[in-house]
Amino acid sequence: MKPRGSGTIRLDRLDLKILATLQTAGRVSNLELAETVGLSATPCMQRVRRLEAAGYIRGYGAQLDIDRICSNIVVFTEITLRNHRREDFLKFERGIQEIPQILNCFLVTGGYDYLAQFIARDIHDYQTVVEDLLDRDLGVEKYFSYVTIKQVKRGAGYPLAELVSQQDP
């Protein structure tokens, strides 16, 4: 399976097993990974390095329990731009890269342009972040905020088995 718009390596079922394992257990040893996917250690390491070099693995990191670290709120925000020229979208997308409180932002279809996920200390901190966003003059016409009450499911990674149809020979 090749990713869209890419001339990179073709993924087989072992590559997908490696990726699925690493996204939930990034600190697994190469030996454990090899046993999990049914390879010997050297070919497994070669595959991991090849997947890293091809850009399928963007990095390794810890999944933090932010609620144990600090008090916070998560807010989803619908954002509509004033104008809809290509340069307006590019200006907005470049500008939000500098705002660390925006965890994720998606260009969407429907009644607004972007859906952004913010994290802040509290509602007042969120409002300060939004006011800073507006002060940057990134073309925001209006926004609607949805403060979350609790997270009822936390993703542990992409469901590769469900997303990728395997056509292995």
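The values are calculated or read from the model by the stated rules, or taken from the named source; none is laboratory data. This is a predicted model, so every value here is computed, not measured. Glycine gets a Cβ as well: all are built from the backbone with ideal geometry, and neighbour counts include every protein chain shown. Accessible surface is based on the protein model in full, side chains and every heavy atom, while ligands, DNA and RNA are left aside. Shrake-Rupley method; radii C 1.70, N 1.55, O 1.52, S 1.80 Å.
Listing for the model above:
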quantity: Strands (runs of 3 or more DSSP E) fully within segment 56-169 counting 2 or more residues that are in contact (Cβ under 8 Å) with a residue 60 or more places away in the chain, open to solvent by 70 Å² or more (accessible area, probe 1.4 Å) and farther than 30 Å from Arg10 by Cβ; calculated: 140-147
quantity: Flag for Arg4 being under 30 Å from Ile119 (Cα atoms), in a loop (DSSP other than H, G, I, E, B) and modelled with pLDDT under 95; calculated: no
quantity: Close pairs from segment 12-29: first assigned to a loop (DSSP other than H, G, I, E, B), partner open to solvent by 40 Å² or more (accessible area, probe 1.4 Å), Cβ under 6 Å, at least 6 apart; calculated: Asp12/Asp168; Gly26/Tyr60
quantity: Residue match in segment 33-55 (condition: within 21 Å of Gly157 (Cβ to Cβ), in contact with a Lys or Arg (Cβ under 8 Å, 6 or more places away or on another chain) and open to solvent by less than 40 Å² (accessible area, probe 1.4 Å)); calculated: yes
